[in-house]
Amino acid sequence: MTQEENVVPRGNLAGIFANLRKDVLSGFLVFLIALPLCLAISIASGVPPIAGVFTAIVGSVITTLLSNSELTIKGPAAGLIVIVLGCVAEFGSITGDTTIGGPAYRMMLAVGVTSGIIQIGFGIFRLGILGEFFPSSVVHGMLAAIGIIIISKQIHTALGVTSVLDAEGQKITEPLELLAHIPNSLVGMNPEIAVIGFISLAVLFGLPFMRGKYVKRIPAQLIVILIAIPLGIAFDLSHEHTYTMLGSSYSLGEKFLVSVPDNLFKAITFPDFTALTYPAAWKWVLMFSLIGSLESLLSAKAIDLLDPWRRKTNLNRDMLAVGVANTVAAGIGGIPMISEIVRSKANIDNGARTRFSDLWHGLFMLVFVAMLPGLIHRIPLAALAAMLVYTGFRLASPREFVHVYHIGREQLIIFVATVLGVLATDLLVGVFIGVGVKFLIHFINGVPLKSFFKPFLEVEEQGDDTCIIRARESAVFSNWIPFKRQIEDIGLVHHRNIIVDLSGTMLVDHSVMEKLRDLQSDFDQEGLRLEVIGLEGHQQLSHHEHSSRRRGVVVEPIAPMGRR
């Protein structure tokens, strides 16, 4: 690092000016990625396109002021599409009005405000640690299922198929049925719209394979928009007309373009709090607050690991900031936001130094949408659908399955159970199915029932600056939170080195192995040592360094597979 880079940038008033050039540049580049994604996520969520823009603008301002997370970008995320769409659809069935931007949308906003208030409570009462409960295989399974659902819904839009119908003419909404109808949509696609979709997909999937550092710095989403808008103009999508190809007639018109209001302030929509009188509303409040909080916490932690200066986010403060921003955003028509990992990674790659880059990205978006709504209206929906298909593929990439199998066969079982549970039921039920499968596997592996939620720990002093924490029975995901608190209280709070002795455990699962690794990084940053011992008598269930360990069982390790 240069002398300038050795100085840790801070997101304070002095930091605004000291890092202005780099933060503004990164904010602008992130804005180029974020704008089309905000529009795409909103449309896929069954709400007006402007809703995601409101979310990004509000989130960028409020979280910059309230959170200490230096490099995360806050905004709508593909992982929440399924929840918002499900909520809007359920209220649409209750009211009998499925108009985009209609009563169901306003009722969903009431759910958003309520879940935002709950997230504020999470932050105030320091419940950010709840994100530690869910095992990583379940979380990745949930995200993979969301990716599959996104692909199942958006691939048809990319092909110009506006509605997928079954044999009786009923609209299909279930993801597995939508996947099964992809061949039908390929046969019945609108050729000119499909050209836009196919070219957009080719750019998104092909650009990562192109060489040249300058090419890689150009956001693929920006290239897609720069190609798709001229194609839309060439196909005259702004006027209703038909064309004939190979003996078939196809219609084109503004329904294939993004619809945004000419006046941003007229698009502000207020919640309908009568929604909360319906019991179904509280299911969605639970899903918004729990799933949104979990995704946001995991993303913030992941970005901390990528921060060149290893700055650490106060997760409770960040959750408070996200809760306030979600409450305000939903109050004017926005959809839920999280710490979004793809845009945050782009923020780091573009040289951002403080959290003001998030603020700049939101301000650029505000100016652009307020000044040039006509240009946004020129964006073909097929291009935005292609972006979401690409995002969905990344969430459900075959590499995810291979990576989980590399960690251990039992992790793959949990992962697949979560994926199938989400696809067959809904997000919340699917997550609990995955957690239930993990409990069952632990029980089969001999974990005593009494230690499922309670760690059995003994603390022993070893000199003035070191303590040994001996764990008995088990160290698994469900008893990790009190285990972690003990380690942090003795080590990080009282500034002492910690030796964690796991020799007395029957099982140490993958989640605990992974989280101990993360804790070691936290100790390193504080100039302390966290050492893990006592695993010599445990058998690894795979060759992965963070695989589960079971005591006193001779198991032939799984042959190693290529690491991701």
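Listed conditions (1) aliphatic (A, V, I, L, M); (2) closer than 28 Å to T63 by Cβ; (3) surrounded by fewer than 18 Cβ atoms within 10 Å (Cβ to Cβ) are all met by M107, apart from (3). E90: charged (D, E, K, R), at negative phi and assigned to a helix (DSSP H, G or I), yes or no? Yes. For I379, the criteria (1) hydrophobic (A, V, I, L, M, F, W, C); (2) within 19 Å of the chain's Cα centre (by Cα); (3) closer than 21 Å to L252 by Cβ hold in every case but one, which is (2).
Can you name every residue in region 434-482 that is surrounded by fewer than 18 Cβ atoms within 10 Å (Cβ to Cβ), over 31 Å from the mean Cα position of the chain (by Cα) and among the charged types (D, E, K, R)? Within region 434-482, K450, E458, E460, E461, D464, D465, R472 qualify. Return the only residue of L535, L516 being more than 16 Å from V404 (Cα to Cα), assigned to a loop (DSSP other than H, G, I, E, B), in contact with a strand residue (DSSP E or B) (Cβ under 6 Å, 6 or more places away or on another chain) and not basic (K, R). Sole residue among the options that is more than 16 Å from V404 (Cα to Cα), assigned to a loop (DSSP other than H, G, I, E, B), in contact with a strand residue (DSSP E or B) (Cβ under 6 Å, 6 or more places away or on another chain) and not basic (K, R): L535. For beta carbons closer than 6 Å, sequence separation of 6+ or different chains, a first residue in region 437-463 that is over 26 Å from T418 (Cβ atoms) and a second that is basic (K, R) and surrounded by 12 or more Cβ atoms within 10 Å (Cβ to Cβ), the qualifying pairs are F456/R472; E458/R470. Considering T391, T466, the condition of being among the β-branched types (V, I, T), in the same structural domain as D522 (by TED's automatic domain parsing) and farther than 25 Å from E545 by Cα is satisfied by T466 alone. Out of G123, G141, one residue alone is in contact with a Leu (Cβ under 6 Å, 6 or more places away or on another chain) and either surrounded by 22 or more Cβ atoms within 10 Å (Cβ to Cβ) or under 20 Å from G292 (Cβ atoms) (or both). It is G123. Looking at A321, is it modelled with pLDDT under 95, among the hydrophobic types (A, V, I, L, M, F, W, C) and over 13 Å from the mean Cα position of the chain (by Cα)? So A321 fails the test. The residues listed here are G75, G128, G102; of these, the one that is modelled with pLDDT of 95 or more and either under 16 Å from the mean Cα position of the chain (by Cα) or closer than 30 Å to G408 by Cβ (or both) is G75.
Of all residues in region 154-194, those satisfying the criterion of being outside any loop (DSSP other than H, G, I, E, B), more than 27 Å from the chain's Cα centre (by Cα) and either touching a residue at least 40 places away in the same chain (Cβ under 8 Å) or under 17 Å from A44 (Cβ atoms) (or both) are K171, S185, P191, E192, I193, A194.
Scanning region 307-318 for residues that are of a type outside the set (K, R), part of a helix (DSSP H, G or I) and either free of Cβ contacts under 8 Å to residues at least 24 places away in the same chain or surrounded by fewer than 24 Cβ atoms within 10 Å (Cβ to Cβ) (or both) returns a single hit, N316.
Can you confirm whether P9 is more than 30 Å from R353 (Cβ to Cβ) and in contact with a Ser or Thr (Cβ under 8 Å, 6 or more places away or on another chain)? No: the conditions fail for P9. Checking each residue in region 267-277 for being at pLDDT 95 or above and surrounded by 16 or more Cβ atoms within 10 Å (Cβ to Cβ) picks out T269, P271, D272, A275, L276. T157: of a type in the set (S, T, N, Q) and modelled with pLDDT under 95, yes or no? Spelling it out, it is not the case that T157 is of a type in the set (S, T, N, Q) and modelled with pLDDT under 95.
The values are calculated or read from the model by the stated rules, or taken from the named source; none is laboratory data. In this text the structure is predicted, and so the values were computed from the model without any measurement. Heads up, the Cβs are rebuilt from the backbone with ideal geometry, glycines too, and the neighbour counts pull from every protein chain shown.
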